[in-house]
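Peer 1: Below is the structure I would like to discuss, written out as structure tokens.
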Amino acid sequence: MTIYPPSVRIVEVGPRDGLQNEKMSVPTADKIRFVNLLSESGLPVIEATSFVSPKSVPQLSDGDQVLRGISRKAGVSYPVLVPNLLGLERALAAGASEIAIFTAASELFNQHNINASIAESLLRFEPVMKRAKAELKLWVRGYVSTCFRCPYELKEDPTKKIDPQKVFDVVQKLIDMGVDEISLGDTIGAAEPDDVARLLDILLKRFSVDQLAVHFHDTYHFHERTLKNVRKALEMGIWIVDSSAGGLGGCPYAPGASGNLATEDLIHMLHGMKIDTGVDLAKVTDASRFISSVLRRPLTSRYLQSGA
Ligand code: HMG
Ligand code: MG
């Protein structure tokens with residue numbers, strides 16, 4: 001008999017992963033309202049924005065105002081993405097108390113995304129970790145992108161998969177640096193349940209389920225496959241799952257990546273499986289409908305589209 005975790009912690013990434021990928025510039029006040037509406041739903045973690053270079057991601061260049069402007073709800077964490085020491089200092093000045101650093105298992109992807117090799121990115125994080133962890137004792141998440149396939153490596157070899165050992169090595173290095181939780185990114189929505197099982201099998205020999213989260217993109221809006229990937233991860237004990245309100249999302253440096261696993265679809269599945277999330281699904285849909293009206297387009301979540 002398959003045993004699933006009794007509860008799942010959902011990490012909402014819509015305001016960051018979702019809005020970083022939008023062509024239109026979303027007014028700061030609407031970003032703040034989106035986060036505040038999400039805060040009302042009971043989501044325990046909401047990645048509020050990022051403090052990357054505004055040249056790389058102009059969509060989130062108002063991260064400072066967003067983080068200062070949101071109404072923080074007691075018990076909710078609002079981590080922000082930080083690429084370097086400058087980003088950390090900006091985040092701290094705006095009141096961040098949790099951060100996320102990010103690298104990848106693919107050299108090519110890292111070069112395109114953050115203009116650094118994997119080793120260089122880890123070196124860049126050393127002063128960030130020293131300040132955030134050793135001095136300030138902040139909670140730090142680490143993302144590892146392209147855990148299954150890399151859009152740039154696929155151009156060279158369309159059958160190429162990322163070696164799980166490479167992911168393991170990067171995860172190990174981040175954990176050694178003091179990162180509290182690692183989110184395993186299926187950046188271009190290419191994983192199949194067997195790939196998920198293969199990777200987690202290796203990682204769970206060394207790391208605990210309390211240290212690992214899964215982050216599935218739903219690039220092709222397959223929905224079912226993405227949810228199957230989540231079920232496979234849950235089967236293996238994973239209980240921290242990233243998702244994005246309405247299915248918003250993608251990385252501007254991952255060609256074609258256009259959506260995340262939708263928070264509504266995830267909650268609908270989990271509640272159907274009698275897995276507790278503590279989240280009010282109707283309130284998440286309120287937030288998604290709001291941001292959908294700002295973006296003037298329907299979002300991809302199946303649950304949202306069903307009008308339930
Ligand atoms: P670089 O050009 O190599 O770095 O960029 P640099 O240090 O030479 O900086 C260039 C300019 O940016 C300088 O300004 C810096 O001051 C400025 P200039 O002197 O030219 O006027 N700058 C900054 N400004 C504000 N805040 C900062 C900052 N840093 C530099 N923090 C860098 C390297 C990493 C900064 C850049 O490539 C970058 O910001 N990349 C971020 C790309 C990004 O945000 N991608 C999406 C997020 S990752 C993702 O979505 C995947 C994930 O969801 C998981 C998954 O799905 O797999 C997490
Ligand atoms: Mg992502």
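The values are calculated or read from the model by the stated rules, or taken from the named source; none is laboratory data. All of these numbers come straight from a predicted model, not from anything done at the bench. Cβ sites come from the backbone with ideal geometry, for glycine too, and all protein chains shown count toward neighbours. Accessible surface is based on the protein model in full, side chains and every heavy atom, while ligands, DNA and RNA are left aside. Shrake-Rupley method; radii C 1.70, N 1.55, O 1.52, S 1.80 Å.
Peer 1: Name every residue in the stretch 212-263 that is at pLDDT below 95, among the acidic types (Asp, Glu) and either open to solvent by 20 Å² or more (accessible area, probe 1.4 Å) or more than 15 Å from ligand 2 (Cβ to nearest atom) (or both), in order of residue number.
Peer 2: Hit for the stretch 212-263 is GLU224, nothing else.
Peer 1: Listed residues ILE202, ILE188, ILE182, ILE162; which is hydrophobic (A, V, I, L, M, F, W, C), within 22 Å of ARG231 (Cβ to Cβ), assigned to a loop (DSSP other than H, G, I, E, B) and touching a helix residue (DSSP H, G or I) at 6+ places or on another chain (Cβ under 7 Å)?
Peer 2: Of the residues listed, the single one that is hydrophobic (A, V, I, L, M, F, W, C), within 22 Å of ARG231 (Cβ to Cβ), assigned to a loop (DSSP other than H, G, I, E, B) and touching a helix residue (DSSP H, G or I) at 6+ places or on another chain (Cβ under 7 Å) is ILE188.
Peer 1: Of (1) surrounded by fewer than 24 Cβ atoms within 10 Å (Cβ to Cβ); (2) within 16 Å of ligand 2 (Cβ to nearest atom), ALA94 satisfies all except one. Which?
Peer 2: (2)
Peer 1: In this structure, does SER39 turn out to be more than 11 Å from ligand 1 (Cβ to nearest atom), among the hydroxyl-bearing types (Ser, Thr, Tyr), open to solvent by 50 Å² or more (accessible area, probe 1.4 Å) and more than 27 Å from ALA134 (Cα to Cα)?
Peer 2: Criteria not met by SER39.
Peer 1: Which ones in the stretch 104-113 are more than 16 Å from the chain's Cα centre (by Cα) and open to solvent by 20 Å² or more (accessible area, probe 1.4 Å)?
Peer 2: Those that are more than 16 Å from the chain's Cα centre (by Cα) and open to solvent by 20 Å² or more (accessible area, probe 1.4 Å): GLU107, LEU108, GLN111, HIS112.
Peer 1: Can you name the residue in the stretch 131-152 that is assigned to a helix (DSSP H, G or I) and of a type in the set (A, V, I, L, M, F, W, C) and, of all such residues, is nearest to ligand 1 (Cβ to nearest atom)?
Peer 2: So, considering only residues that are assigned to a helix (DSSP H, G or I) and of a type in the set (A, V, I, L, M, F, W, C), the one nearest to ligand 1 (Cβ to nearest atom) is ALA132.
Peer 1: Checking the structure you have, find out if any residue of the stretch 20-29 is surrounded by fewer than 24 Cβ atoms within 10 Å (Cβ to Cβ), modelled with pLDDT of 95 or more and β-branched (Val, Ile, Thr).
Peer 2: Scanning the stretch 20-29 turns up at least one residue that is surrounded by fewer than 24 Cβ atoms within 10 Å (Cβ to Cβ), modelled with pLDDT of 95 or more and β-branched (Val, Ile, Thr).
Peer 1: Step by step: first the residues of the stretch 42-59, then only those that are farther than 22 Å from GLY278 by Cα, in a loop (DSSP other than H, G, I, E, B) and of a type outside the set (Val, Ile, Thr), then the one that is most open to solvent (accessible area, probe 1.4 Å). Which residue is that?
Peer 2: LYS55
Peer 1: Among (1) within 16 Å of the chain's Cα centre (by Cα); (2) hydroxyl-bearing (Ser, Thr, Tyr); (3) part of a loop (DSSP other than H, G, I, E, B), which single condition is TYR4 missing?
Peer 2: (1)
Peer 1: If you don't mind, another one. Being in a loop (DSSP other than H, G, I, E, B) and of a type in the set (D, E, K, R): is that true of LYS155 here?
Peer 2: So LYS155 fails the test.
Peer 1: Would you be able to tell me the number of residues in the stretch 126-146 that are open to solvent by less than 10 Å² (accessible area, probe 1.4 Å) and in contact with a helix residue (DSSP H, G or I) (Cβ under 8 Å, 6 or more places away or on another chain)?
Peer 2: So the answer is 6.
Peer 1: What's the number of the condition ILE46 fails, among (1) within 16 Å of ligand 1 (Cβ to nearest atom); (2) more than 22 Å from ARG90 (Cα to Cα)?
Peer 2: (2)
Peer 1: Let me spell it out: the conditions are (1) more than 19 Å from VAL171 (Cα to Cα); (2) hydrophobic (A, V, I, L, M, F, W, C); (3) open to solvent by less than 40 Å² (accessible area, probe 1.4 Å); (4) free of Cβ contacts under 8 Å to residues at least 40 places away in the same chain, and ALA116 meets all of them except one. Which number is the exception?
Peer 2: (1)
Peer 1: Scan the stretch 285-305 for residues that are over 19 Å from THR226 (Cα atoms) and part of a helix (DSSP H, G or I) and jot them down.
Peer 2: If the condition is that a residue be over 19 Å from THR226 (Cα atoms) and part of a helix (DSSP H, G or I), then THR285, ASP286, ALA287, SER288, ARG289, PHE290, ILE291, SER292, SER293, VAL294, LEU295 are the ones that fit.
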